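A.B. asks: Before I ask anything, here is the structure I am working with.
The numbers here are math on the coordinates, done by the rules we state, and not lab data. Everything quoted here is computed from the prediction, not taken from an experiment. Note that each Cβ is placed from the backbone with ideal geometry, even for glycine, and that neighbours are counted across all protein chains shown.
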Number of protein chains: 2
Amino acid sequence: MAKKPIPDIVVGRLPQYLRSVQRMAAQGRVVTSSQELGERLGISAAQIRKDLSQFGEFGKQGTGYQITFLIDQIRHILHVDKEWDVAIVGAGDVGSALARYKGFHNRGFRVAAIFDNDPEKVGSRVDSFTVLDTSRMVEEIRKAGIRIAMITTPAPAAQEVANMLIEAGVRAILNYAPISLNVPNNVRMQQIDPSIHLQRMTYYLD
Amino acid sequence: MAKKPIPDIVVGRLPQYLRSVQRMAAQGRVVTSSQELGERLGISAAQIRKDLSQFGEFGKQGTGYQITFLIDQIRHILHVDKEWDVAIVGAGDVGSALARYKGFHNRGFRVAAIFDNDPEKVGSRVDSFTVLDTSRMVEEIRKAGIRIAMITTPAPAAQEVANMLIEAGVRAILNYAPISLNVPNNVRMQQIDPSIHLQRMTYYLD
DNA sequence: TAGATTGTTAATCGATTAACAATC
DNA sequence: TAGATTGTTAATCGATTAACAATC
């Protein structure tokens, strides 16, 4: 009898919980409660308790949750108690900004390589990285054992890039190209398209 | 008797539908079906029909949906049948990449101004924009009637910036700072944090 | 007409909330 | 002990899917 899988919507909230308690820790806080976390995140306290209880008993009645302990537990659950190498494909403005981004530090990720197919860009420097040619991408990613990639190419190239990445062994793709990618079931994909996020909000504006 | 409001989760799918049919239109396609759209987006055909039918009868039995007509309808529903001015706060790598981003074109948005509080950056150029001082932000945004902003400041500054934006009349915020913002009910907020998106996927990686 | 596909209803499935005993 | 807060159950709420009459 297999254990019931955790709903993806619950998995999706864990990174928010983690970010919030890490922020509390940075401010020297020691314990928190489902109520406090809920207020910070706009989520009900009951939901937070239920989500966390799917993975274990992390709190104490009457007291709440020990922040450092909760951080360790969530990092472990999300597999970010290690640093993952991440490849960036596309050395334009967005790819370069991601290569320089300081926000991956302590969150479980490290940019490992950046690729582009433009001969003008290949060999140039972005932050501490030398831009590599996309023609070598499958080989390099496979050799380095990279499992995570971010696509920042123009939309028309994105699907082919995704196919190459998957062939190379990548199993999680964060797609900044404004196009819906098709990936097999054993590959995770998330999309970031600022226009889509904005359009979701303009519905509510007059 | 008030009409039932559209669930936000339905609103959230409309921009995806729009992007997909706009892509089809760019390829010269004339009609599509809920089935085809569903396959492209990984959403069931029944769901797409149900979502669209909340707003009107946009299709024809036996035929499907006229692409140009569907585009017009969704653009109208989402209020992107006009161009919204958008302010950017934070002229770092991410803010600059957004200022230069070509992907807002034809999606309903136009960057109108970029602000920073760093004297080194104020007055400098980013794309065709001159970076303005944050101290003038409330005044400038109010004067220009800007209703939408993107925050790309460091996390510690983001909440205060959000408060200022709201005071200035902004009602939709796309937040790139890695911190959970609290905004009143009459303000929409969306968060983009690449680490959070990545962490949501590493759960599934070994 | 025959085939295809919509819009919609009812059934199913899943997620959220309320409530409270347990217990720190 | 008294007060606070968890973990969990049952109830509620909401979203998705299946199915099909309507109709192009």
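A.B. asks: Shape of the stretch A:104-176 from its Cα gyration tensor (a ≥ b ≥ c, root eigenvalues): rounded if a/c is under 1.5, otherwise prolate when a/b > b/c, or oblate?
C.D. replies: rounded
A.B. asks: Using a ≥ b ≥ c from the Cα gyration tensor of the stretch A:79-206 (square roots of the eigenvalues), is it rounded, prolate or oblate, where a/c under 1.5 gives rounded and otherwise the larger of a/b and b/c decides, a/b for prolate?
C.D. replies: It is rounded, given that a/c, with a ≥ b ≥ c, falls under 1.5.
A.B. asks: Please order B:Glu57, B:Glu140 by the number of other Cβ within 10 Å, starting at the fewest.
C.D. replies: B:Glu57, B:Glu140
A.B. asks: Figure the gain on full extension for B:Glu83 and B:Thr130 (residue separation times 0.36 nm, minus the Cα-Cα span) and round it to one decimal in nm.
C.D. replies: Roughly 14.8 nm would be gained on extension.
A.B. asks: Starting with the fewest neighbours, write out A:Met201, B:Met189 ranked by other beta-carbon atoms found within 10 Å of each beta-carbon.
C.D. replies: Listing A:Met201, B:Met189 from fewest to most nearby Cβ atoms yields B:Met189, A:Met201.
A.B. asks: Under the rule a/c < 1.5 gives rounded, and otherwise a/b versus b/c splits prolate from oblate, where does the protein assembly as shown land using the Cα gyration tensor?
C.D. replies: rounded
A.B. asks: Follow-up. Which distances in nm, rounded to one decimal and ordered from shortest, link the label point of A:His76 to the equivalent label points in the other identical copies, with labels set 7 Å from Cα toward Cβ?
C.D. replies: 5.7
A.B. asks: Using the number of other C-beta atoms within 10 angstrom as an exposure proxy, rank A:Tyr204, B:Tyr101, A:Tyr65 with the fewest first.
C.D. replies: Fewest-to-most Cβ neighbours within 10 Å comes out as A:Tyr204, B:Tyr101, A:Tyr65.
A.B. asks: Where the only charges are on Cβ atoms (+1 Lys, Arg; -1 Asp, Glu), what is the dipole of the stretch B:115-206 about its Cα centre, to the nearest 20 debye?
C.D. replies: 400 debye
A.B. asks: Here's another thing I want to ask about it. Per residue of B:178-185, what is the mean number of Cβ atoms on other protein chains within 10 angstrom of that residue's Cβ?
C.D. replies: Across the residues of B:178-185, the mean count of other-chain Cβ atoms within 10 Å is 3.
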